[in-house]
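Q: The structure under discussion is supplied below as structure tokens; questions concerning it will follow.
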Ligand code: SF4
């Protein structure tokens, strides 16, 4: 029988619907599964605002990967009413919701003998949880069916333990995790015992010392993160999605190098670091939540975990860069929690690829899907955050 484990705030989640600052019913791909499609046949709902009726199946759009809901001219789900409530629920009932709508932002990872239930960071309410609580899986006496699976779970435990290591900066923790993962990947054989000792003081101290003695170029880190940001948001910009959040800062990103000299960029970056420090715990929790939800997926191997971790670091760098650009745009006057939450939500949505798409993206963007350790170090830089 499968054992079920949940992220600590899982049962507290409740959709706040009309009070949501960034509803998931707009500017996003909303998948519709085959069972729901069959159920929709012949059904209509009232479009009171336009005094007409809407056929449910008429709102579908076919894509290579399946059916999605065709958004209206305002880039919103056609079933969303003016009060930001779902017409399918108010006029029919909840059984007419697609699996995606019914479950979002809940995520279920089914391993051999173990089911993990977590919440995706693409919902502002989930970001609120991460601000207040450290994400962790509530688990008791976990038993793993396969030694290989147990090994990967242990590696994830080590990653989470390193993330929680208060003596190091956030980039140092991320670089240390990546170094450790690459070391594991290099070994022909790896045991749980070896994984456990890898995060010991004896192993980490020389590595942290070496990192602290390295020469980092903060301008290179900033400009590379800027490129990553522009690359990641490109498709959404082409489709005119999340325009209010992305377009003006993307234009700023395009001209960043030309508009600011190196000296000026470094000064701004140093000021921004002080502002971002207020959100250090939130960003740490965000990364931990991503490691728990997406760092180890069912049927993954160690290489998949390394790739998933690279993606998480890329998300973090892109969030950091988006916030830097927003801070510049707003006249360098601090950052409200709501702004930080909105950008975490948007970037989590924009980067919410499944594993095969992540591989494809990395294959197209880098020489090798497995990055050099030095590349990650260069992107992160020796900043506090
Ligand atoms: S993003 Fe979250 S809170 Fe907002 S409408 Fe969707 S599920 Fe509800």
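The values are calculated or read from the model by the stated rules, or taken from the named source; none is laboratory data. This is a predicted model, so every value here is computed, not measured. Quick reminder, even Gly has a Cβ in these numbers, built from the backbone with ideal geometry, and neighbours come from all protein chains shown.
Q: Do you know which residues across the range 31-56 are free of Cβ contacts under 8 Å to residues at least 24 places away in the same chain and part of a loop (DSSP other than H, G, I, E, B)?
A: 41, 42, 51
Q: Can we say residue 222 is modelled with pLDDT under 95, under 25 Å from the mean Cα position of the chain (by Cα) and crowded, with 18+ Cβ neighbours inside 10 Å?
A: For residue 222, the condition - modelled with pLDDT under 95, under 25 Å from the mean Cα position of the chain (by Cα) and crowded, with 18+ Cβ neighbours inside 10 Å - is not met.
Q: Separate question: Please tell me if residue 206 is within 27 Å of residue 110 (Cβ to Cβ) and either loosely packed, with under 13 Cβ neighbours inside 10 Å or modelled with pLDDT under 95 (or both).
A: no
Q: When the residues of the range 98-142 are filtered to those that are in contact with a strand residue (DSSP E or B) (Cβ under 7 Å, 6 or more places away or on another chain) and more than 30 Å from residue 283 (Cβ to Cβ), which remaining residue is modelled with the lowest pLDDT?
A: Residue satisfying both the conditions and the ranking: 113.
Q: Using the structure shown, decide if residue 72 is without any contact (Cβ under 8 Å) to a residue 24 or more places away in the chain and either outside the structural domain of residue 354 (by TED's automatic domain parsing) or over 27 Å from residue 245 (Cβ atoms) (or both).
A: Against the criterion (without any contact (Cβ under 8 Å) to a residue 24 or more places away in the chain and either outside the structural domain of residue 354 (by TED's automatic domain parsing) or over 27 Å from residue 245 (Cβ atoms) (or both)), residue 72 qualifies.
Q: Among the residues of the range 107-129, write down those that are surrounded by fewer than 23 Cβ atoms within 10 Å (Cβ to Cβ) and within 16 Å of the ligand (Cβ to nearest atom).
A: Listed by number, the residues that qualify are 107, 108, 117, 120, 122, 124, 125, 128, 129.
Q: Can you name the number of the only condition in (1) closer than 18 Å to residue 375 by Cβ; (2) touching a residue at least 12 places away in the same chain (Cβ under 8 Å) that residue 186 fails?
A: Among (1) closer than 18 Å to residue 375 by Cβ; (2) touching a residue at least 12 places away in the same chain (Cβ under 8 Å), residue 186 violates only (2).
Q: Is it the case that residue 61 is touching a strand residue (DSSP E or B) at 6+ places or on another chain (Cβ under 7 Å), away from the ligand (no atom under 13 Å from the Cβ) and without any contact (Cβ under 8 Å) to a residue 24 or more places away in the chain?
A: The answer is yes for residue 61.
Q: Follow-up. Filter the range 87-136 down to residues that are assigned to a helix (DSSP H, G or I) and touching a residue at least 12 places away in the same chain (Cβ under 8 Å), then give me how many there are.
A: 16
Q: Of everything in the range 79-88 that's surrounded by fewer than 16 Cβ atoms within 10 Å (Cβ to Cβ) and closer than 18 Å to residue 14 by Cα, which residue is nearest to the ligand (Cβ to nearest atom)?
A: Per the stated criteria, the residue is 84.
Q: Continuing with this model, one more query. Could you grab me the full set of residues in the range 1-38 that are over 24 Å from residue 60 (Cα atoms), within 16 Å of the ligand (Cβ to nearest atom) and exposed (fewer than 13 other Cβ atoms within 10 Å of the Cβ)?
A: The answer is 11, 12, 14, 19, 21.
Q: Given the options 76, 53, name the one that is surrounded by fewer than 20 Cβ atoms within 10 Å (Cβ to Cβ), within 16 Å of the ligand (Cβ to nearest atom) and modelled with pLDDT of 90 or more.
A: Selected residue: 76, the only one of 76, 53 that is surrounded by fewer than 20 Cβ atoms within 10 Å (Cβ to Cβ), within 16 Å of the ligand (Cβ to nearest atom) and modelled with pLDDT of 90 or more.
Q: Same structure, new question: Would you call residue 236 at positive phi and either in contact with a helix residue (DSSP H, G or I) (Cβ under 6 Å, 6 or more places away or on another chain) or assigned by TED's automatic domain parsing to the domain that holds residue 347 (or both)?
A: no
Q: Same structure, new question: Find the residue count for the range 204-233, including only residues that are out of contact with any helix residue (DSSP H, G or I) (no Cβ under 7 Å at 6 or more places or on another chain), free of Cβ contacts under 8 Å to residues at least 60 places away in the same chain and in a helix (DSSP H, G or I).
A: 6
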